[in-house]
Structure formats: structure tokens, C-alpha cells
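Every number in this text was worked out from the coordinates using simple rules, so none of it is lab data. Computed from a prediction, not measured in an experiment: that's the story for all the values here.
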Amino acid sequence: MLDDIPYIDGVYAKYRRMWKEDRWKFSGELVNLTIKKNKEGMLSAEEQHIFDTMHRVVNENRGNWLEGFDKS
């Protein structure tokens, strides 16, 4: 019965919205997590989930950081 209830990932919703509304902030957070991961060798479970979710959002947008912006 509980399998019928969809799981809504709030982290995914947050970063998907951030990608659309404030890509500079999205980029900054991703860079900070990448630096921390490279420097310390690992992230906490929560940070790793955010990191993976952010990469999911980037992949869903085909890695096109400029799509949706006026390039003139």
C-alpha cells in the first residue's frame, strides 16, 4: 500500500528550481562541493546527495549552462 505513494525529493526540487532561476548560485554551490570533495576526499551523506542531485540536474539539461540565457 505504501508503494503507491510517490517519493518527492525536496533537494531535487530545490536545485532544479535554482538551475532555472539562479544558475550562478547553483554553479557556486556545485563548485564549493567539488572543492570540498577534492580537498577532503569525501562528503557527508547529505552533501553527497546534494552533489549527486546537482549533477543529475546538469545532466538533465545536457550540460548546457547557457541554455535559456540571452547571449547578446
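Per-residue 3J(HN,Hα) values for the stretch 25-41, derived from phi via the Karplus relation 6.51 cos²θ - 1.76 cosθ + 1.60 with θ = phi - 60°, read 5, 4, 4, x, 5, 5, 4, 4, 5, 5, 4, 4, 4, 5, 6, 9, x Hz in sequence order (x marks Gly and Pro). Reducing the stretch 5-37 and the stretch 38-69 to their Cα centroids gives an inter-centroid distance of 7 Å.
May I ask for the Kirkwood hydrodynamic radius of the stretch 13-72, worked out over all distinct Cα pairs and given in angstroms to one decimal? All intermediate terms of the calculation are to be shown ahead of the outcome.
Details: mean 1/r = 0.0823 Å⁻¹.
12.2 Å is the Kirkwood radius here.
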